[in-house]
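Written out below as structure tokens is the structure these notes cover.
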Amino acid sequence: MRHHRERPALLRAEDDASARTLRRQHRAGSVVRLRAGVYIARSSWEQLDASDRHLVRAWAVAPAVPSGGAFSHLTAALIHGWPVIGPVPERVHVTVPALDTTVHRAGLVLHAPGIGPFDLARARFDGVAVTAPTTTASAVARSAPVHVAAVAVDGAVRTGALDVAAVEAALPPGSHRGSRRARVVLAALDARHESVGESYTAVRLVESGFTAVVPQHEFRHGRGVDRVDFWLPETGVVVEFDGKQKYVDRAMLAGRDPAEVVWQEKLREDRIRRRREVRAVVRVTWWHLERLDRFQALLRSHDVFG
């Protein structure tokens, strides 16, 4: 990600004169205020995506992190490079071992450690500790919306930064706060998922009550293999995440004409639909995934129920 390679300059008020100058620039709209006394040039800010902007805010608050504190929760997930979908929080998350309750400050949420491990990653972020992947996964699974948490943690599983057993071991027992949602997240994790879209689809299937789901199932035929994103053997249904990227991304096209890719995809789906064990093929888009009721309505339109 860009923020790991090119760090934009932060403008800090070092004295009264520089503070007045930065306030004037802020009123004029040429700089963006990150927190009291810390700004960034608007031209730099507008080049950043939502994830980068959150990490710039983490740089801005780093000097204010209490001793012993560590970036945690979704902030740590972004530092680790995990995918975060939906609105990225503006407030930076830090866990402080000395606290016994959560404290909210301007631009900052300070968490108590709670139940479970409090392990730290080897690398620091602007001199501040960062929770280790297992600790981060546990915190995210217990606190973030289920689909956000599942996509983020599954991204780490996909790259090999975590394995599902390690995530399960880091989760608190079932009676603790957030443990129920964390178990839903856990059920959606699988290293076979090949993209964010597949991670998103997987958690929506879990939320919809499907327990027997086979990722990357292969249907063999006389000329080769047709691999599908998800196979639901109990209902005879194939579920495919239909992302736009495979039709427009040059790397995924590999020199092929987009129209030819669409045609080959149609032939592939026709072969799958003709199979005796396949009752339906459901194509899911990002629009369906953004709301659980949309996703479930799509399944019901194909007579698929969890």
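Numerical summary
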| read-out | value |
| --- | --- |
| Sole residue being of a type in the set (A, V, I, L, M, F, W, C) and touching a Phe, Trp or Tyr at 6+ places or on another chain (Cβ under 8 Å), chosen from Val31, Val38 | Val31 |
| Selection status of Arg291, surrounded by 11 or more Cβ atoms within 10 Å (Cβ to Cβ), at pLDDT 95 or above and over 16 Å from Gly236 (Cα atoms) | yes |
| Subset of the range 1-57 [closer than 23 Å to Val130 by Cα, surrounded by 13 or more Cβ atoms within 10 Å (Cβ to Cβ) and either more than 26 Å from the chain's Cα centre (by Cα) or acidic (Asp, Glu) (or both)] | Leu10, Val38, Asp52 |
| Qualifying residue in the range 70-79 (condition: of a type in the set (S, T, N, Q) and either touching a Cys at 6+ places or on another chain (Cβ under 9 Å) or modelled with pLDDT of 95 or more (or both)) | yes |
| Spans of helices (runs of 4 or more DSSP H) in the range 38-99 with at least 1 residues more than 30 Å from Arg291 (Cβ to Cβ) and not assigned by TED's automatic domain parsing to the domain that holds Gly160 | 42-45 |
| Residue check, Arg20 in a strand (DSSP E or B) and either at pLDDT 95 or above or out of contact with any helix residue (DSSP H, G or I) (no Cβ under 8 Å at 6 or more places or on another chain) (or both) | no |
| Which numbered condition Thr201 misses (of (1) polar (S, T, N, Q); (2) surrounded by 14 or more Cβ atoms within 10 Å (Cβ to Cβ); (3) over 19 Å from the mean Cα position of the chain (by Cα)) | (3) |
| Unique match (being at pLDDT 90 or above and under 19 Å from His147 (Cα atoms)) among Gly197, Gly243 | Gly197 |
| Residue match in the range 181-191 (condition: of a type in the set (D, E, K, R), modelled with pLDDT under 95 and part of a strand (DSSP E or B)) | no |
| Considering residues of the range 75-101 that are free of Cβ contacts under 8 Å to residues at least 60 places away in the same chain and farther than 25 Å from Arg33 by Cα only, the residue surrounded by the fewest Cβ atoms within 10 Å (Cβ to Cβ) | Thr101 |
| Unique residue being touching a helix residue (DSSP H, G or I) at 6+ places or on another chain (Cβ under 9 Å) and more than 17 Å from Leu292 (Cβ to Cβ) when the list is Leu189, Leu205 | Leu189 |
| Inter-residue pairs, beta-carbon under 7 Å, first in the same structural domain as Val203 (by TED's automatic domain parsing) and in the range 167-183, second part of a helix (DSSP H, G or I) and crowded, with 18+ Cβ neighbours inside 10 Å, 6+ apart | none |
| Exclusive hit being more than 24 Å from Trp287 (Cβ to Cβ) and of a type in the set (A, V, I, L, M), set Ala144, Ala161, Ala152 | Ala161 |
| Residue check, Gly174 surrounded by fewer than 17 Cβ atoms within 10 Å (Cβ to Cβ), of a type outside the set (D, E, K, R) and either over 11 Å from Trp82 (Cα atoms) or out of contact with any strand residue (DSSP E or B) (no Cβ under 8 Å at 6 or more places or on another chain) (or both) | yes |
| Test: residue in the range 111-131 that is touching a helix residue (DSSP H, G or I) at 6+ places or on another chain (Cβ under 8 Å), touching a residue at least 60 places away in the same chain (Cβ under 8 Å), outside the structural domain of Glu207 (by TED's automatic domain parsing) and in a helix (DSSP H, G or I) | no |
| Filter pass, Gly155 being in contact (Cβ under 8 Å) with a residue 12 or more places away in the chain and surrounded by fewer than 22 Cβ atoms within 10 Å (Cβ to Cβ) | no |
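Residue by residue, here is whether (1) free of Cβ contacts under 8 Å to residues at least 12 places away in the same chain; (2) on the phi < 0 side of the Ramachandran plot holds:
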position: Ala19; (1), (2): no, yes
position: Gly29; (1), (2): no, no
position: Arg33; (1), (2): yes, yes
position: Tyr39; (1), (2): no, yes
position: Trp45; (1), (2): no, yes
position: Ala50; (1), (2): no, yes
position: Leu55; (1), (2): no, yes
position: Val61; (1), (2): no, yes
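The values are calculated or read from the model by the stated rules, or taken from the named source; none is laboratory data. Everything numeric in this text was worked out from a predicted model, so none of it was measured. Glycine gets a Cβ as well: all are built from the backbone with ideal geometry, and neighbour counts include every protein chain shown.
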